Amino acid sequence: MTEERRLRRGKLWFMVLAVLLLSAAQSALSLVVVVRFEERLLPEITEKAELVGAEVCARIEDALVFDRDLNALRGVERFFDKVLEQHPEMITLTIVAPDGTALFRRGAAGDAAAAAGTAAAVDDPGHDLTLPIHIGGRQVGRLTVAINHRYAERTLREMTYDVLTVLAISLLITFGLASFVIQARFSGRIDAVLTMMDRLGKGDLRPNKADGIADRIGEVVSRLNGVVERVRDLYRASLVHLESFGPSAAAHVRTLTDLGERNRLNDPPVDDTPSATRLLALRLVAFTFFLAEEVIRPFLPLYVKQLAGDLATNNSLISLPFSLFIFVGAAAQPWGGHLSERYGYRRTFLLASLLSAVSLTLIVVTDGYWWMLAWRIVGAIGYGVAFAACQGYAVENTTPATRTRGIAVFIGGVMAASICGPSIGGMIADHLGFGVTLLFASGVILAAMVVGQALMGDGARRAKAQPLGWRELKGVLVNPSMLALLMLISVPAKILLNGALFYLTPLYLTSIGEPQAVVGRVMMVYGVTAVLLGPLAAGCADARPTRHHLFVGLGATLAGLGLAPLGVMPDRLWILVAGIGALGFGQALCIPVQLSLVTQFAARRCSDLGPAAVLGVFRFVERAGGALGPIVAATLVGELGYGGAIAAMGQLSALCAVAFLIAFAVFSWKVPAAEIGGQP
Amino acid sequence: MIFSLRLSSMLILVLTVSLGLTAVLSYVKFEKALVGVVVSRHNNTARAVADTIETGLTLGLNLEEVQNYQTFINQVLHQHSDLLAAAVFDMSGRPVFSQVREGVPPTVRWRADSIPTEPWNRIGPNTITLGQPITNAFGRASGILVLDFSRESYDRPLNDIAPFMGKAGLVIELIGAALAVLLGFVLIRPFNRSLDAIEKEVGGADTGSSTDGVDGWTAPIEEEIRSITRSLT
């Protein structure tokens with residue numbers, strides 16, 4: 001026990017300091033990079049203003065060929081307005097006569113000009129420009145250009161945000177990798193040794209499946225295995241010896257066999273790897289697999305449009321691959337869960353991954369919209385089955401006491417992929433094109449297969465698991481507590497997510513003039529909050545197993561209420577950002593706990609069908625309901641505007657959550673603390 | 001010692017991956033921002049040239065009917081030192097006017113079925129190419145202006161940034177690696193202490209002679225097996 005505590009403390013310190021080191025190194029690189037980027041980009045922006053200024057001067061000189069008097073020029077203001085509109089790098093254009101009089105000036109006064117009040121004072125050689133205007137080699141005036149420093153600052157700030165986004169993505173990937181490496185190579189292996197020692201102390205003399213790493217831990221495992229093998233050899237030799245006496249030694253043989261069974265001397269070697277290692281491995285597998293789907297997300301609509309050709313005028317045909325993917329993916333989940341229960345999680349995951357990889361490759365190889373649609377359906381089956389297999393594996397490797405944390409680890413991997421994938425995919429697509437990015441995604445899935453083959457297990461297969469039919473599906477759902485959870489928490493949460501965040505938020509931000517980069521960053525707040533706070537929330541929930549319903553209800557209420565202030569102040573960006581943060585936190589609080597509750601509400605069904613299949617059914621209904629999100633949003637937006645519609649959806653979701661809490665209290669639903677799934 | 005080095009090397013590996021990832025992704029972001037600025041600058045030239053050509057078409061003439069465009073294209077090439085080639089194509093993809101700076105091989109080839117009707121740009125291995133559609137006075141597409149710019153203004157900042165990032169990354173990597181080695185030595189202690197305690201508890205497991213440690217746990221079972229055998233023989 002003392003060793004466990006010391007080990008836990010050591011692991012914590014190591015993780016904290018390793019995280020600090022990695023964050024500091026990455027932040028330092030990002031900082032020097034940002035400074036250098038600014039130094040290199042600013043002259044390019046200024047140079048453009050110079051070039052445009054020279055073009056404007058040339059146009060004025062052309063005009064003066066016909067009318068040699070600067071004062072008599074016509075249409076200068078209109079021309080300047082057009083130039084300023086096309087080139088936001090410049091804020092003011094002024095034609096100044098030789099005596100310093102400003103003849104024509106358009107645009108908001110630049111900082112320098114406004115301060116000085118005269119056109120001549122605009123000449124700030126550091127930033128602003130003065131260009132001579134000539135007729136036949138004689139200077140007749142000058143053009144002064146005030147550079148829009150705010151524009152330059154905004155461009156540089158955008159780039160700084162981009163670098164910070166890159167930093168966040170990089171940190172997410174790094175921490176996933178670092179926590180797995182430390183757990184798998186060090187602390188998890190020491191935990192495994194402690195488990196083995198505990199087993200041996202209790203008389204379980206099965207050897208440990210040695211990992212073959214030759215270090216101090218490996219040596220201890222070898223020594224323990226050596227002792228175990230010595231006893232097992234003695235047992236086997238004694239058994240052969242006793243059997244050689246024939247029937248007269250039957251009683252002795254039986255006594256010895258009983259001893260062997262009691263101490264598991266004939267059992268195969270056991271894997272003592274702790275569930276934390278398996279879950280971190282699952283996170284890595286899930287991250288890699290789901291990254292592939294996220295990588296193609298930014299350009300897929302455009303790609304579909306390109307393939308559709310003449311069909312592109314029909315909007316339903318453009319959205320069909322997306323709706324079908326969601327529907328088929330959700331519908332495949334119950335059967336994916338069932339396959340996992342019957343044939344093992346790893347095998348099912350590998351099969352599903354193969355389907356997904358093949359579908360992505362064939363989208364590139366074959367040509368035309370309908371082929372693409374067919375391959376996307378195949379990919380959706382792979383996606384749904386892989387999701388169910390991973391989800392089931394997370395449940396398999398947890399006990400009710402650790403389930404929420406386990407599921408949060410898996411969901412964290414999926415969320416991290418959804419944050420990192422679009423940025424990485426967008427960059428690859430920009431540089432190498434859509435086809436190469438699809439093949440890259442296919443390669444990522446193959447990598448996920450390699451990682452899955454190495455790190456996942458098949459679990460305790462339930463070969464006798466009931467076949468999954470309509471009756472079984474219905475059986476899962478005709479359960480009042482399960483129905484309440486679905487209809488008052490899960491479906492409203494998905495409607496809120498799909499409708500308010502994924503559908504309305506981009507439209508709302510675009511409507512208030514925010515660029516695409518800002519839309520991406522604001523949407524990212526949801527994922528980042530969920531990834532960062534999810535594990536903490538899950539740990540709190542696991543520490544209070546009888547209060548799971550409260551976590552679900554309060555999480556969903558927070559997620560909804562966070563968006564409510566938008567109804568009163570719809571034009572404040574920070575309110576939307578805070579609301580999305582609350583949505584991320586609230587949903588991080590309730591999603592893993594929900595799945596934990598499902599395995600408890602449907603405990604009997606879980607033991608009949610397997611938890612993966614039951615969770616698959618739950619996910620199917622949840623996602624099918626979530627498809628209503630954009631429809632609800634589109635209905636509300638006409639009446640309430642973007643901010644009002646987002647707020648109303650949040651309020652409705654919060655109301656449903658409160659209704660769930662009331663129902664839970666009124667009907668006194670109990671949460672059975674039964675053990676579900678295999679050995680953690 | 002070896003154990004702590006293993007721990008440090010794992011950390012250094014993760015550090016290398018993370019710095020590499022940050023550097024590559026940041027470089028790509030910078031490149032994107034730079035493309036935006038450079039293309040916007042060249043776009044200004046392209047738009048101005050296209051405007052002048054379109055002014056000549058206001059009388060409803062076709063491109064090939066305007067006499068002085070070749071001279072104008074030559075002038076444009078003369079005025080912009082970073083412009084390598086300029087060409088005006090009609091809607092069948094035939095070059096009507098073109099000029100290539102001396103010593104620069106012409107890179108632009110068109111097929112009649114691929115005339116874009118929107119402005120476009122492409123960063124090629126040797127040039128930055130911009131296309132600007134030309135419309136006549138009635139708003140109908142008459143052809144396209146294609147300008148090949150030198151990549152110098154684009155390559156210069158990139159060529160500066162790449163080695164800078166390499167050097168900065170290397171320095172940070174070295175400092176980080178040194179700290180990782182230090183961390184390995186300091187933080188391996190709890191792991192080592194745990195292993196020391198475990199090894200002590202396992203005791204003389206490999207000798208089979210001690211009654212302490214793991215031998216102590218298995219000794220009663222071994223004794224029981226032996227006693228069952230002995231009771232018969």
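The values are calculated or read from the model by the stated rules, or taken from the named source; none is laboratory data. Values in this document were obtained by computation on a predicted structure and should not be read as measured data. Neighbour counts run over all protein chains shown; Cβ positions are idealised from the backbone, glycine included.
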I'm trying to understand the selection: among the residues of segment B:81-104, which are part of a loop (DSSP other than H, G, I, E, B) and touching a Ser or Thr at 6+ places or on another chain (Cβ under 6 Å)?
B:D82
In the set A:E77, A:E39, the lone residue that is modelled with pLDDT of 85 or more and in contact with a Phe, Trp or Tyr (Cβ under 9 Å, 6 or more places away or on another chain) is A:E77
Restricting the search to segment A:171-181, which residues are more than 7 Å from every other protein chain (Cβ to nearest Cβ) and within 13 Å of A:M15 (Cα to Cα)?
A:F175, A:G176, A:S179, A:F180
Positions within segment A:219-247 being more than 7 Å from chain B (Cβ to nearest Cβ), modelled with pLDDT of 85 or more and under 13 Å from B:V202 (Cβ atoms), in sequence order:
A:V221, A:S222, A:N225, A:V228
Any residue in segment A:78-103 that is free of Cβ contacts under 8 Å to residues at least 24 places away in the same chain sitting within a Cβ distance under 8 Å of a residue that is of a type outside the set (G, A, S) and in a loop (DSSP other than H, G, I, E, B)? List the pairs, counting only those 6 or more apart or interchain.
A:G100/A:T118; A:A102/A:T118
Given the criteria more than 9 Å from chain B (Cβ to nearest Cβ) and surrounded by fewer than 22 Cβ atoms within 10 Å (Cβ to Cβ), does A:D215 qualify?
no
Among the helices (runs of 4 or more DSSP H) contained in segment A:387-494, which hold 1 or more residues that are more than 14 Å from chain B (Cβ to nearest Cβ), farther than 26 Å from A:L284 by Cβ and in contact with a helix residue (DSSP H, G or I) (Cβ under 8 Å, 6 or more places away or on another chain)?
A:434-455, A:470-477, A:480-485
Could you tell me whether any residue of segment A:142-156 is at the interface with another protein chain (Cβ under 9 Å from one of its Cβ atoms), in a helix (DSSP H, G or I) and charged (D, E, K, R)?
no
Residue within segment A:307-317 that is within 14 Å of chain B (Cβ to nearest Cβ), at pLDDT below 85 and within 30 Å of A:M524 (Cα to Cα) present
no
Single residue of segment A:4-41 satisfying the filter (more than 7 Å from chain B (Cβ to nearest Cβ) and of a type in the set (S, T, Y)) that is nearest to B:P157 (Cα to Cα):
A:S27
Read through the list (1) buried (at least 18 other Cβ atoms within 10 Å of the Cβ); (2) touching a residue at least 60 places away in the same chain (Cβ under 8 Å), then give the number of the only condition that A:L373 fails.
(2)
Could you list all residues from segment B:44-64 that are surrounded by fewer than 19 Cβ atoms within 10 Å (Cβ to Cβ) and either touching a residue at least 12 places away in the same chain (Cβ under 8 Å) or of a type in the set (A, V, I, L, M, F, W, C) (or both)?
B:R47, B:A48, B:T52, B:E54, B:G56, B:T58, B:L59, B:G60, B:L61, B:N62, B:E64
Being of a type in the set (S, T, N, Q), assigned to a helix (DSSP H, G or I) and within 7 Å of another protein chain (Cβ to nearest Cβ): is that true of B:S194 here?
yes
Would you be able to say whether some residue in segment A:19-36 is more than 30 Å from B:L15 (Cβ to Cβ) and part of a helix (DSSP H, G or I)?
no
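Each row is one residue, and each column tells you yes or no for (1) among the β-branched types (V, I, T); (2) under 23 Å from A:P274 (Cα atoms); (3) more than 19 Å from the chain's Cα centre (by Cα); (4) surrounded by 24 or more Cβ atoms within 10 Å (Cβ to Cβ).
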position: A:V395; (1), (2), (3), (4): yes, yes, yes, yes
position: A:A401; (1), (2), (3), (4): no, yes, yes, no
position: A:I407; (1), (2), (3), (4): yes, yes, no, yes
position: A:M415; (1), (2), (3), (4): no, no, no, yes
position: A:P422; (1), (2), (3), (4): no, no, no, no
position: A:I428; (1), (2), (3), (4): yes, no, no, no
position: A:H431; (1), (2), (3), (4): no, no, yes, no
Residue list for segment A:182-196, filter: within 7 Å of chain B (Cβ to nearest Cβ) and surrounded by fewer than 20 Cβ atoms within 10 Å (Cβ to Cβ):
A:R185
Could you check, for segment A:538-552, whether at least one of its residues is part of a helix (DSSP H, G or I), in contact with a His (Cβ under 7 Å, 6 or more places away or on another chain) and touching a residue at least 24 places away in the same chain (Cβ under 8 Å)?
yes
Which ones in segment A:144-164 are in contact with a helix residue (DSSP H, G or I) (Cβ under 6 Å, 6 or more places away or on another chain) and among the β-branched types (V, I, T)?
A:T144, A:V145, A:I147, A:T160, A:V163
